[in-house]
Amino acid sequence: MMRLLFIFVAAIGLIGRADAQAVRRDSAKAIQKVQQCTAQMGPNVITFSFYQPTKSRSQFCEDVPETGPTIIVVDTMQDELRDMMVEMRIVKEMDSTEQESAALAEAYLPPARFQTGVIQLEHDFREKGDYVALVRARSEDGRKEYNARFVFSVGEEFQRAWTAIAVATLVVIALGASWYAYAFGKRGPSKTTLRDA
């Protein structure tokens, strides 16, 4: 019985430690995502940042925490892209890139030249889910065309966190129920035997 109690306490400790490590890992991952929120566009690299000024001052990358008004900022780091006509479409993520290219745009930024290298698109996301930013750059003479695809989610980070907490809670309850059934379930009524006088 003491051994089961020890296993139960150790299991709770391991789950707590795993949750703490997951939080530290997620925090480090979030910082890394913000720093490496990039997509390849031909020989060039572009970076993505997401802001929700009505809800937070934070900068997001692949996981936008809530639906609602969102500012998408794309930084074209190389000078070549600043001389090209760049357009951007936001669509729901689909199974194939062919379907995505023909999908109805959630938001659209028509072709324009962005001399500052910064492209900004504002959109009010009404639905949770996975989205794709499709960015296309074309030279004026039409000889060059680059495409980039960047996947991000809206309103799903909170749901994933609660799912992990629910699973951990169920594990602890199951372990506790098993320990209780083993410790107290095997106790039957004590039998007394009378010796002959």
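The values are calculated or read from the model by the stated rules, or taken from the named source; none is laboratory data. Here the structure is a predicted model, which means the values were calculated and not measured. Every residue, glycine among them, receives a Cβ derived from its backbone with ideal geometry; neighbour counts consider all protein chains shown. These accessible areas exclude ligands, DNA and RNA; they are computed on the full protein's heavy atoms, side chains included. Shrake-Rupley method; radii C 1.70, N 1.55, O 1.52, S 1.80 Å.
In segment 54-81, the residues that are more than 12 Å from T38 (Cα to Cα) reach residues that are hydroxyl-bearing (S, T, Y) and open to solvent by 60 Å² or more (accessible area, probe 1.4 Å) with C-beta atoms within less than 6 angstrom, at least six apart or across chains, in these pairs: P69/T54; I71/Y51.
For segment 74-97, what are the residues that are under 18 Å from the mean Cα position of the chain (by Cα) and β-branched (V, I, T)? Scanning segment 74-97 gives I90, V91.
Looking across segment 50-62, the residues that are crowded, with 18+ Cβ neighbours inside 10 Å and in a strand (DSSP E or B) come down to F50, Y51, F60.
How many of the residues in segment 98-145 are of a type in the set (D, E, K, R), within 23 Å of the chain's Cα centre (by Cα) and open to solvent by 30 Å² or more (accessible area, probe 1.4 Å)? Going through segment 98-145 one residue at a time, the tally reaches 7. Every condition in (1) at pLDDT 65 or above; (2) of a type in the set (A, V, I, L, M); (3) open to solvent by less than 50 Å² (accessible area, probe 1.4 Å) is met by A181 except one, and the failing one is (3). Residues in segment 85-97 that are part of a loop (DSSP other than H, G, I, E, B) and either at pLDDT 95 or above or loosely packed, with under 15 Cβ neighbours inside 10 Å (or both): M94, D95, S96. No other residue among F150, F158 is surrounded by 14 or more Cβ atoms within 10 Å (Cβ to Cβ) and either part of a helix (DSSP H, G or I) or at pLDDT 90 or above (or both) apart from F150.
The listed residues are V45, V73, and the only one of them that is at pLDDT 95 or above, outside any helix (DSSP H, G or I), over 19 Å from E156 (Cβ atoms) and open to solvent by less than 50 Å² (accessible area, probe 1.4 Å) turns out to be V73.
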